[in-house]
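The values are calculated or read from the model by the stated rules, or taken from the named source; none is laboratory data. These figures come from a predicted structure and were not determined experimentally. FYI the Cβ positions are ideal-geometry reconstructions off the backbone, even for glycines, and counts take in every protein chain you see.
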Amino acid sequence: MNEIQAFLNFKLVDTAGGLVISVADVLLVLALIYAGYLLSRVIEFFLARRLAKTSLRADLVIVIKRISFYSIFLMVGLTIMGVLGIPTTAFAFATGAIAIGIGFGAQNIINNFISGWILIAERPIRVDDIIEIDGFFGVVKNVGTRSTLVQRSDGVHILVPNSKLLENTVINWTLINGLIRSQVRVGVAYGSDPDQVLAILEKCVVDRREVLAEPKPEFVFEDFGDNALVFDTYFWCDVHGEKTLRAARSDIRLSISRAFEQAGIVIAFPQRDIHLYTSKPLDVQVLKPAETIR
């Protein structure tokens, strides 16, 4: 016991200012850190269960959990300094020097860390939002302190640095609400009745369950194309993912195709007239299928 006590009382730091740190103090600090970590996780777990029963959004729950986690760790740090008898002013110079060194060596990490807290505070991008960045669509799964987890429509998970979400243009399709306007374009052959085409388009779009009655769908005779009369339909949907929007457009196109087939309206395709200029008569031969194989 005497040997153990002597080991625990062994002085690791003994300054002229009266600051003494022994092995026992170091072990106590490690125990407090571990206890503080366990305590923060337990409080975070019960807090998440409690908040899950409320009507708060998932991103707000994450913010509250994260703030409680870091608050407990801050209190643990202050407690450790009090146990060791270290005044906060003793770390003023050292903290400044360390901060400058870290600032030069880890600019991107600090930038992403600060950007993460800005995203959490301002909430321009939240959990379950549908965003478009770098040409792909995705659903935000988690806004972390360094990066944001985004799940693409093909199921792939991407970690996007938080600074990129603040410095670049990001389209948030569900920032205000889940209403998204979409479009379906179709071209029909010349000679088709435009009024009949518009009536069929209106019936095929309005009857869809995904299409909202307000704002009302719009049906436009867009242009006289090279090979077709071009019609556009604009409609609004309340969707929860880019996959749902693609499925809605697919169903509308199927309905339009079937309705046009029943009405005898031909969906146009490119056609070309070929004119041959020659001073001699052309030798035209009609071959049987067997002869073409040879």
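Key figures for this structure:
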{"item": "Residues located in the range 147-168, provided they are among the polar types (S, T, N, Q), at pLDDT 85 or above and assigned to a loop (DSSP other than H, G, I, E, B)", "result": "Asn168"}
{"item": "Residue check, Glu202 out of contact with any helix residue (DSSP H, G or I) (no Cβ under 7 Å at 6 or more places or on another chain), more than 30 Å from Ser153 (Cβ to Cβ) and not in a loop (DSSP other than H, G, I, E, B)", "result": "no"}
{"item": "Answer from Asp25, Asp14 - the residue that is modelled with pLDDT of 70 or more and either farther than 30 Å from Val140 by Cβ or of a type in the set (Ser, Thr, Tyr) (or both)", "result": "Asp25"}
{"item": "Given (1) within 30 Å of Asp128 (Cα to Cα); (2) among the acidic types (Asp, Glu); (3) at pLDDT 85 or above, number of the condition Asp232 does not satisfy", "result": "(1)"}
{"item": "Complete set of residues in the range 113-140 that are on the phi > 0 side of the Ramachandran plot and not acidic (Asp, Glu)", "result": "Arg123, Gly135"}
{"item": "Residue that is exposed (fewer than 14 other Cβ atoms within 10 Å of the Cβ) and at pLDDT 70 or above, where the choices are Ala99, Ala31, Ala48", "result": "Ala31"}
{"item": "Residue that is nearest to Gly191 (Cα to Cα) [pool: residues in the range 236-258 that are of a type in the set (A, V, I, L, M, F, W, C) and touching a Lys or Arg at 6+ places or on another chain (Cβ under 7 Å)]", "result": "Ile252"}
{"item": "Tally, over the range 212-242, of residues that are without any contact (Cβ under 8 Å) to a residue 40 or more places away in the chain and aliphatic (A, V, I, L, M)", "result": "3"}
{"item": "Residue satisfying condition, being over 16 Å from the mean Cα position of the chain (by Cα), exposed (fewer than 14 other Cβ atoms within 10 Å of the Cβ), at positive phi and free of Cβ contacts under 8 Å to residues at least 24 places away in the same chain, within set Gly191, Gly155", "result": "Gly191"}
{"item": "Residues satisfying the stated conditions in the range 260-283, i.e. modelled with pLDDT of 75 or more and β-branched (Val, Ile, Thr)", "result": "Ile265, Val266, Ile267, Ile274"}
{"item": "Flag if Val83 is modelled with pLDDT of 80 or more and exposed (fewer than 13 other Cβ atoms within 10 Å of the Cβ)", "result": "no"}
{"item": "Given (1) buried (at least 17 other Cβ atoms within 10 Å of the Cβ); (2) in contact with a Pro (Cβ under 9 Å, 6 or more places away or on another chain); (3) not in a helix (DSSP H, G or I), number of the condition Arg181 does not satisfy", "result": "(1)"}
